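The values are calculated or read from the model by the stated rules, or taken from the named source; none is laboratory data. As the structure is a computational prediction, the values presented were derived from the model and not from experiment. Cβ placement follows ideal geometry from the backbone for every residue including glycine, while neighbour counts extend to all protein chains displayed. Just so you know, the surface numbers come from the protein's heavy atoms only, side chains and all, with ligands and any DNA or RNA stripped out. Shrake-Rupley method; radii C 1.70, N 1.55, O 1.52, S 1.80 Å.
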Amino acid sequence: MLETYIKKYHKNNFQYILVDAAGKVIETDNHIIPIGNLTQIQEVHPFFEAFSDLFFIKNESYDFLCINLDFDKTSIIADITLQTHNDNKNLIIIEDLTKHYNNYQLAAQNRNESLINAQILKLKNLHLKEKEQFKNIFIANFSHQLRNPITALNIFSNLLKDTTLDDTQESYVNVINTANKNLKQSVEGILDISKIEAGKLILVEKVFSLKALLNEIINEHKLHITKKNIEFNFILDPKLPEFLNGDSFRLKQIIGNLLSNATYFTLKGFINLNISLNHIRANKANLHIKVSDTGIGIDPKDYEQIFKRFTKIESTIKNDMSTGLGLSITQYLISQMDGNIKVQSEIGIGSVFTCNISFKLATSYDKNLKEVLLHKVRKRLDKKHNILLVEDSELIQLSILKIIAADGNFFLNIISNGDDFISTIMDQDVDLILLSSTIQNYTAEELTKSLRKLSKEYKKIPVISISSKAFKEDIKSLKKAGINDVITKPFDEETLLNTIHQYLK
Amino acid sequence: MTTSKKIVLLGHFGVGKSSLIRRFVENTFSEDYKVTIGVHISKKTIDTPDKKTISLIIWDLEGHDDVEKNRASYLMGTHGFIYVFDASRPVTFENLEDQLLILKTKYPNIPVKVVANKTDLVKKTEINQYNDIFKPLVDFYTSAKTGSKVDLLFSKLANELI
């Protein structure tokens with residue numbers, strides 16, 4: 001019975017070939033490959049050329065697994081055994097395992113393809129990251145280079161404005177001022193984006209007066225808005241807390257950006273700013289900020305688009321000189337403050353931007369800080385103080401000289417060389433040092449450290465660094481070296497004088 | 001009389017060993033990647049500059065990240081090795097020095113040509129970036145796709161085998 005089935009189902013996938021010591025075929029059953037007697041086996045397929053040297057070794061067995069044999073009309077994958085004998089008769093056994101190996105090939109194909117794809121993806125990611133890093137370094141360096149000229153432009157155009165000018169001259173100075181302000185904003189925007197991308201934009205926590213901040217924002221924008229003959233209404237909720245703890249600079253940036261956008265895209269009608277208190281929970285105040293306008297409006301399909309960096313939607317491109325970074329930065333800042341921002345708009349009717357942001361309430365622990373904030377106005381000092389400026393940029397030297405001279409509370413001595421730093425301090429009375437973060441051959445850290453190493457009296461001299469590096473770790477490194485405060489370029493008159501006055505009472 | 005020489009191609013999978021052989025033997029190229037299992041054997045006869053004819057029996061081995069994973073029977077009677085890596089995928093040349101050391105130790109008298117393939121995929125600057133790893137070891141920068149330096153690779157090796 002079994003015999004019958006075996007006969008019916010048995011598949012002979014073997015071929016036996018007998019060859020002599022030179023490889024000439026003596027006998028073959030031709031089950032798989034048709035080979036004529038007296039053919040040289042080496043001519044059947046180049047694989048068999050490997051046997052030429054082995055035929056002379058007697059009584060050995062060699063196994064060759066998974067050999068792909070391609071012929072004109074067919075291909076097989078086989079395991080091949082060579083059995084050599086004493087009598088110069090060599091047996092070649094071919095076992096056709098094509099089906100088995102084809103299944104294995106499919107599995108290997110899938111495995112290898114997915115491994116290679118994963119490797120390529122990883123490499124592409126790496127290259128993208130490298131490109132991104134290069135771009136961020138480039139942006140940081142580039143904006144760094146712009147800081148000195150922007151600072152000087154800002155200070156001198158303000159000083160020029162205070163001189164006697166006729167109407168035409170004053171209008172020219174105003175143009176310079178506005179252009180410089182826009183340039184400063186663009187540079188700061190690009191720097192913010194590079195900080196965001198490098199994960200280095202960190203929010204600070206400091207007590208601030210919300211009321212004072214909002215008044216400052218409103219005053220700054222009122223002028224621009226009403227100049228365009230647009231109505232500006234603002235409603236501040238009387239329940240708003242007076243003092244908050246958080247990043248007031250960034251809050252000002254958020255509201256300022258929404259107002260600037262509204263001003264930019266509104267040609268007639270009104271702009272409303274509404275700030276109210278959502279709730280106070282767990283010692284945190286949740287603010288609701290709403291800026292509405294009767295501007296050109298945004299198509300709902302572009303809502304997502306407008307928050308992407310360097311994006312400008314079609315309808316706004318004309319005459320738009322901005323970098324398209326503002327809303328992207330605004331959204332990032334709000335998200336860092338665990339808040340949210342939404343937009344609702346209709347083309348030709350106007351837009352409403354709303355956001356909710358939480359701030360810690362200032363506690364009684366921060367009371368002394370409150371006092372500092374309440375008495376921000378600079379006092380006339382009892383005597384004139386000596387300030388030493390260490391700076392090698394002539395533009396910045398001149399800018400600071402003008403500001404200090406106008407204030408009238410100080411004598412200013414300038415050195416532009418780090419080598420003279422210690423000798424100047426030892427020779428002269430110095431009440432405060434303004435130190436550039438980079439002057440030739442020295443860093444501000446090195447100079448401060450050598451100053452602090454001198455006798456006790458020199459340890460107390462306030463050192464304020466004028467830094468063109470604005471990353472958090474730069475500022476941390478400066479403070480660690482013994483620098484009391486850092487002013488980042490581009491700075492204005494107010495910032496410089498406020499900081500100096502803070503250390504000289 | 002024609003002399004036969006066995007050349008074995010080694011290297012990681014997907015580096016283009018089969019493509020190099022197809023370019024050399026048939027002068028064709030396909031973007032489709034088909035994984036080689038076991039071994040494929042091809043033959044091409046070439047004339048050397050000194051008018052000798054040589055028959056190259058080229059063994060295209062399944063790719064492995066370690067030459068020691070290859071079946072010993074495949075390497076028996078080899079006259080010359082070609083070690084191929086993919087210049088666009090560092091994983092295929094990160095262990096190059098070790099692999100060549102194994103070959104030199106196990107087969108001290110057999111010439112080895114080291115090939116950086118797929119140069120059409122990488123810019124010169126990227127190749128320079130990896131030069132520290134493979135530059136002193138590479139003999140040929142090839143592209144099976146464009147055919148660049150493929151014939152030269154085989155003919156140079158063939159000349160050394162005579």
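If you go through the range A:443-466 and keep only what is part of a strand (DSSP E or B) and under 29 Å from the mean Cα position of the chain (by Cα), you end up with A:THR443, A:ILE464, A:SER465, A:ILE466. Among the residues making up the range A:255-313, those that are in a strand (DSSP E or B), within 29 Å of the chain's Cα centre (by Cα), hydrophobic (A, V, I, L, M, F, W, C) and more than 23 Å from A:ASN182 (Cα to Cα) are A:LEU287, A:ILE289. Flag not set for B:GLY14, criterion: in contact with a His (Cβ under 7 Å, 6 or more places away or on another chain), open to solvent by less than 60 Å² (accessible area, probe 1.4 Å) and at pLDDT 95 or above. Taking the criterion of being open to solvent by less than 30 Å² (accessible area, probe 1.4 Å) and either polar (S, T, N, Q) or not in a helix (DSSP H, G or I) (or both), the residues of the range A:207-236 that qualify are A:VAL207, A:PHE208, A:SER209, A:ILE230, A:PHE232.
On the basis of being in a loop (DSSP other than H, G, I, E, B), in contact with a Lys or Arg (Cβ under 8 Å, 6 or more places away or on another chain) and over 12 Å from A:LEU389 (Cβ atoms), does A:LYS469 make the cut? Taking the combined requirement at face value, the residue does not satisfy it. Entry remark, the range A:80-113: residues being open to solvent by 50 Å² or more (accessible area, probe 1.4 Å) and touching a residue at least 40 places away in the same chain (Cβ under 8 Å) number 3 in total.
Taking the range A:321-420 as the region of interest, the strands (runs of 3 or more DSSP E) fully inside it that hold 2 or more residues being closer than 25 Å to A:LYS206 by Cβ and either out of contact with any Phe, Trp or Tyr (no Cβ under 6 Å at 6 or more places or on another chain) or at pLDDT below 90 (or both) are A:340-346, A:350-361. Screening the candidates A:PHE142, A:PHE156 for the property of being surrounded by fewer than 14 Cβ atoms within 10 Å (Cβ to Cβ) and either under 12 Å from the mean Cα position of the chain (by Cα) or among the aromatic types (Phe, Trp, Tyr) (or both) yields one hit, A:PHE142. Under the condition of being among the acidic types (Asp, Glu) and within 30 Å of A:ALA198 (Cβ to Cβ), the residues counted in the range A:422-478 number 4. Scanning the range B:32-55 for residues that are in a loop (DSSP other than H, G, I, E, B) and farther than 17 Å from A:ASN110 by Cβ yields a total of 6. Within the range B:35-45, the set of residues being open to solvent by 40 Å² or more (accessible area, probe 1.4 Å) and at the interface with chain A (Cβ under 7 Å from one of its Cβ atoms) comprises B:HIS40, B:LYS43.
Would you call B:LYS52 within 11 Å of chain A (Cβ to nearest Cβ) and either out of contact with any Lys or Arg (no Cβ under 9 Å at 6 or more places or on another chain) or small (Gly, Ala, Ser) (or both)? Considered against the rule, which asks whether it is within 11 Å of chain A (Cβ to nearest Cβ) and either out of contact with any Lys or Arg (no Cβ under 9 Å at 6 or more places or on another chain) or small (Gly, Ala, Ser) (or both), B:LYS52 comes out as no.
Count of the range A:451-481 residues, restricted to those that are among the hydroxyl-bearing types (Ser, Thr, Tyr) and at pLDDT 90 or above, is 1. Residues that are of a type in the set (Phe, Trp, Tyr) and open to solvent by 20 Å² or more (accessible area, probe 1.4 Å) within the range B:92-122 comprise just one, B:TYR107.
Which one of A:ILE93, A:ILE17, A:ILE67 is at pLDDT 95 or above and in contact with a Gly (Cβ under 9 Å, 6 or more places away or on another chain)? That would be A:ILE67, the only listed residue that is at pLDDT 95 or above and in contact with a Gly (Cβ under 9 Å, 6 or more places away or on another chain).
Of all residues in the range A:416-426, none are touching a residue at least 60 places away in the same chain (Cβ under 8 Å) and either surrounded by 15 or more Cβ atoms within 10 Å (Cβ to Cβ) or not small (Gly, Ala, Ser) (or both).
For the range A:279-307, the set of residues classified as closer than 12 Å to A:ILE357 by Cα and free of Cβ contacts under 8 Å to residues at least 24 places away in the same chain consists of A:HIS279 only.
Summed over the range A:1-35, the residues that are part of a strand (DSSP E or B) and of a type in the set (Phe, Trp, Tyr) give a count of 2. The lone criterion from (1) open to solvent by 40 Å² or more (accessible area, probe 1.4 Å); (2) at pLDDT 90 or above left unmet by A:LYS73 is number (2). Which members of the range B:17-31 meet the condition of being buried (at least 16 other Cβ atoms within 10 Å of the Cβ), hydrophobic (A, V, I, L, M, F, W, C) and in a helix (DSSP H, G or I)? Passing the criteria: B:LEU20, B:ILE21, B:PHE24.
Within the range A:445-470, being open to solvent by less than 40 Å² (accessible area, probe 1.4 Å) and closer than 15 Å to A:HIS144 by Cβ holds for A:SER465, A:ILE466, A:SER467, A:SER468, A:ALA470.
If you go through the range A:36-45 and keep only what is assigned to a strand (DSSP E or B) and open to solvent by 60 Å² or more (accessible area, probe 1.4 Å), you end up with nothing. Exactly one residue among B:GLY77, B:GLY63 is within 13 Å of another protein chain (Cβ to nearest Cβ), open to solvent by less than 20 Å² (accessible area, probe 1.4 Å) and within 29 Å of A:GLU43 (Cα to Cα), and that residue is B:GLY63. Candidates in the range B:87-98 are the residues that are in contact (Cβ under 8 Å) with a residue 40 or more places away in the chain and either at positive phi or more than 9 Å from chain A (Cβ to nearest Cβ) (or both); of these, the one that is farthest from the chain's Cα centre (by Cα) is B:GLU97. Here A:TYR16 passes the criteria (1) open to solvent by 40 Å² or more (accessible area, probe 1.4 Å); (2) within 14 Å of another protein chain (Cβ to nearest Cβ) except the one numbered (2). Taking the criterion of being open to solvent by 30 Å² or more (accessible area, probe 1.4 Å) and touching a residue at least 40 places away in the same chain (Cβ under 8 Å), the residues of the range A:258-271 that qualify are A:SER260, A:ASN261, A:TYR264, A:PHE265, A:GLY269, A:PHE270. Taken over the range B:2-34, the criterion of being within 11 Å of another protein chain (Cβ to nearest Cβ), under 11 Å from the mean Cα position of the chain (by Cα) and small (Gly, Ala, Ser) is satisfied by B:SER18 alone. When we screen A:LYS200, A:LYS195 for residues that are part of a helix (DSSP H, G or I), charged (D, E, K, R) and touching a residue at least 24 places away in the same chain (Cβ under 8 Å), the only hit is A:LYS195.
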